[in-house]
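Visitor: The following block contains the structure, expressed as structure tokens.
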Amino acid sequence: QVQVEQSGGGPVQAGGSLRLSCTPSGRAIRFFVGWFRQAPGKEREFVGALRWDSGTTYYADSVKGRFTISRDDAKTTVYLQLNTLKPEDTAVYYCAAGPLSTTSVRTTRAYNTWGPGTQVTVSS
């Protein structure tokens with residue numbers, strides 16, 4: 001089972017940028033790395049995902065064009081670049097990993113390992 005460690009986040013002004021990092025560990029190569037976020041009083045929502053073996057990325061409509069998921073050349077770390085941040089992007093952001101399956105990567109059920117979460121606070 002893949003484990004994940006995440007870092008990054010913090011306070012930022014509207015229009016600014018942040019980068020979050022997620023480092024999966026383990027020997028598996030056929031899995032997804034997903035990013036979710038949860039604002040106070042709201043359900044955890046899908047932000048984006050990357051299929052580890054192919055590098056294919058998926059995004060929620062709400063962040064498409066502003067957020068970008070990428071992987072370093074050494075294939076050790078996945079990044080979530082958050083640009084043009086808005087106050088409504090304020091949330092705890094979670095990195096997660098899960099095996100390839102028929103379960104949609106846009107749902108939390110697709111993931112069996114979660115990072116501790118990191119706070120992103122966007123001020124207006």
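The values are calculated or read from the model by the stated rules, or taken from the named source; none is laboratory data. This structure is a prediction, so every number in the text was calculated from the model and none was measured. Here the Cβ is made from the backbone with ideal geometry for all residues, glycine too, and neighbour counts use every protein chain on show. Only protein heavy atoms, including side chains, enter the accessible area calculation; ligands, DNA and RNA are left aside. Shrake-Rupley method; radii C 1.70, N 1.55, O 1.52, S 1.80 Å.
Visitor: Only one of these conditions is not met by residue 94: (1) over 18 Å from residue 7 (Cβ atoms); (2) surrounded by 14 or more Cβ atoms within 10 Å (Cβ to Cβ). Which number is it?
Guide: (1)
Visitor: Starting from the stretch 23-34, take each residue that is on the phi > 0 side of the Ramachandran plot and list its partners that are open to solvent by 20 Å² or more (accessible area, probe 1.4 Å) and in a strand (DSSP E or B), counting only C-beta distances under 7 angstrom and pairs at least six apart or across chains.
Guide: 26/3
Visitor: Continuing with the same structure: Please state which one of 104, 54, 124 is out of contact with any strand residue (DSSP E or B) (no Cβ under 7 Å at 6 or more places or on another chain), of a type in the set (Gly, Ala, Ser) and under 17 Å from residue 12 (Cα atoms). Break it down stepwise before answering.
Guide: Values: 104 fails: under 17 Å from residue 12 (Cα atoms); 54 fails: under 17 Å from residue 12 (Cα atoms).
Result: 124 is the single residue among 104, 54, 124 that is out of contact with any strand residue (DSSP E or B) (no Cβ under 7 Å at 6 or more places or on another chain), of a type in the set (Gly, Ala, Ser) and under 17 Å from residue 12 (Cα atoms).
Visitor: From the residues in the stretch 103-124 that are hydrophobic (A, V, I, L, M, F, W, C) and either open to solvent by less than 40 Å² (accessible area, probe 1.4 Å) or part of a loop (DSSP other than H, G, I, E, B) (or both), which one is farthest from residue 63 (Cα to Cα)?
Guide: Checked the stretch 103-124; the qualifying residue farthest from residue 63 (Cα to Cα) is 110.
Visitor: Residues to consider are 90, 68, 84; find the one that is in contact with a Gly (Cβ under 8 Å, 6 or more places away or on another chain), of a type in the set (S, T, N, Q), under 25 Å from residue 11 (Cα atoms) and modelled with pLDDT of 95 or more.
Guide: Unique residue meeting the criteria: 84.
Visitor: Sticking with this structure for a sec: Quick one: in the stretch 81-91, of everything that is without any contact (Cβ under 8 Å) to a residue 60 or more places away in the chain and not aliphatic (A, V, I, L, M), which residue is least open to solvent (accessible area, probe 1.4 Å)? Talk me through it step by step, then tell me what you get.
Guide: Taking the stretch 81-91 and keeping what is without any contact (Cβ under 8 Å) to a residue 60 or more places away in the chain, we get 88-91.
This time we only want the ones that are not aliphatic (A, V, I, L, M), so: 88-90.
Numbers: 88: 125, 89: 1, 90: 36 Å².
Across the stretch 81-91, the extreme among qualifying residues is 89.
Visitor: Looking at (1) open to solvent by 50 Å² or more (accessible area, probe 1.4 Å); (2) more than 19 Å from residue 40 (Cα to Cα), which is the one condition that is false for residue 100?
Guide: (1)
Visitor: If residue 61 meets every condition in (1) touching a residue at least 12 places away in the same chain (Cβ under 8 Å); (2) over 17 Å from residue 26 (Cα atoms); (3) not small (Gly, Ala, Ser) apart from one, which number is that one?
Guide: So residue 61 meets the others, but not (1).
Visitor: Here is a list: 120, 105. Which entry is in contact (Cβ under 8 Å) with a residue 60 or more places away in the chain and closer than 20 Å to residue 30 by Cβ?
Guide: One residue alone meets the criteria, 105.
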